[in-house]
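Only one structure is covered here, and it is reproduced in the block below.
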Amino acid sequence: MFDSTGELHIQSLTSTMGRCSAAPRRVAELINGVYALAEEGMWNHGATRTAAAEITELAEADQIFVAQSEDRIVGCVRVTQRAGRVAEFGMLAADPQLRGVGIGRALVQFAENRAADTGNHIMALEVIQPRNFSLPSKEFLTGWYTRMGYRPVRIDAPADVYPALTPQLKVPCVVVTYRKTLRA
């Protein structure tokens, strides 16, 4: 479901907020919905990954970008700057009704291009996954990121990386950090 020209438009959420005050709520709902499906069984009942207020703060810091088609938000990604010419993306979500049409790949490519254009040499991402069992969605992501050139470089305890989220975890988990060298 791309617009009438067949294009997907990716832009800062702040641009969208000017036209639609409900945009941060839509992004939070998208992230929470996608992650709830992908991470079923990992979190305590009622746990969410984000809220509209946090999305608004991240948008004001120019860290949240949305994919739109026909003025509808169909995906999002957060891009942040780390130390040492390393950028990171997270909160990647694409509308589940549009799975397989390239929204996620377009958002990752956008994040990588943005990072490279601002002088970064490395793109990183983190995946929280169960320590003692496998989820099909996490296996899919491992393969997908690997095919895009990402390699696992570190495994941490959730409490070391996301202390605020850790009490919401239902099962023991790990945080796997992946990295990819960006174009020169």
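Residue by residue through the stretch 13-55, note down the ones that are farther than 30 Å from Arg131 by Cβ, in contact with a helix residue (DSSP H, G or I) (Cβ under 7 Å, 6 or more places away or on another chain) and among the polar types (S, T, N, Q). Full working, then the answer.
To start, the set of residues in the stretch 13-55 that are farther than 30 Å from Arg131 by Cβ comprises 13-26, 52-53.
From what's left, in contact with a helix residue (DSSP H, G or I) (Cβ under 7 Å, 6 or more places away or on another chain): 13-14, 16-17, 23-25, 52.
Of everything in the stretch 13-55, those that are farther than 30 Å from Arg131 by Cβ, in contact with a helix residue (DSSP H, G or I) (Cβ under 7 Å, 6 or more places away or on another chain) and among the polar types (S, T, N, Q) turn out to be Thr14, Thr16.
For Thr48, the requirement of being β-branched (Val, Ile, Thr), out of contact with any strand residue (DSSP E or B) (no Cβ under 9 Å at 6 or more places or on another chain) and closer than 25 Å to Leu169 by Cα is met.
The condition (being touching a residue at least 60 places away in the same chain (Cβ under 8 Å) and either over 26 Å from Leu58 (Cα atoms) or of a type in the set (A, V, I, L, M, F, W, C) (or both)) is satisfied by just one residue among Ala164, Ala115, Ala157: Ala115.
Close contacts from the stretch 91-103, counting a first residue that is among the β-branched types (Val, Ile, Thr) and a second that is surrounded by fewer than 19 Cβ atoms within 10 Å (Cβ to Cβ), with Cβ to Cβ under 8 Å and a gap of 6+ residues or different chains, come to Val101/Met1; Val101/Phe2.
Here Arg78 passes the criteria (1) assigned to a loop (DSSP other than H, G, I, E, B); (2) under 15 Å from Ile31 (Cβ atoms) except the one numbered (1). Could you tell me whether the stretch 92-109 includes any residue that is at pLDDT below 95, in a loop (DSSP other than H, G, I, E, B), within 22 Å of Glu40 (Cβ to Cβ) and among the small types (Gly, Ala, Ser)? Yes, the stretch 92-109 has at least one match.
Give the stretch 117-142 a look and list any residue that's under 19 Å from Leu92 (Cα atoms) and assigned to a helix (DSSP H, G or I), or say none.
Our first condition is that a residue be under 19 Å from Leu92 (Cα atoms); within the stretch 117-142, this holds for 122-130, 135-142.
Within the stretch 117-142, Pro136, Ser137, Lys138, Glu139, Phe140, Leu141, Thr142 meet the criteria.
Selection of the stretch 143-184 for residues being in contact with a strand residue (DSSP E or B) (Cβ under 6 Å, 6 or more places away or on another chain), under 19 Å from Glu40 (Cα atoms) and not in a strand (DSSP E or B) yields Pro158, Gln168, Lys170, Val171.
Taking the criterion of being closer than 23 Å to Thr166 by Cα, exposed (fewer than 15 other Cβ atoms within 10 Å of the Cβ) and out of contact with any Phe, Trp or Tyr (no Cβ under 8 Å at 6 or more places or on another chain), would at least one residue in the stretch 98-113 satisfy it? No.
When the stretch 49-69 is filtered for residues that are part of a helix (DSSP H, G or I), surrounded by fewer than 23 Cβ atoms within 10 Å (Cβ to Cβ) and among the β-branched types (Val, Ile, Thr), only Thr56 remains. Here Arg72 does not qualify as surrounded by fewer than 16 Cβ atoms within 10 Å (Cβ to Cβ) and either under 23 Å from Arg151 (Cβ atoms) or under 12 Å from the mean Cα position of the chain (by Cα) (or both).
The values are calculated or read from the model by the stated rules, or taken from the named source; none is laboratory data. What you see is a predicted model; the values in this text were computed from it and never measured. Neighbour counts run over all protein chains shown; Cβ positions are idealised from the backbone, glycine included.
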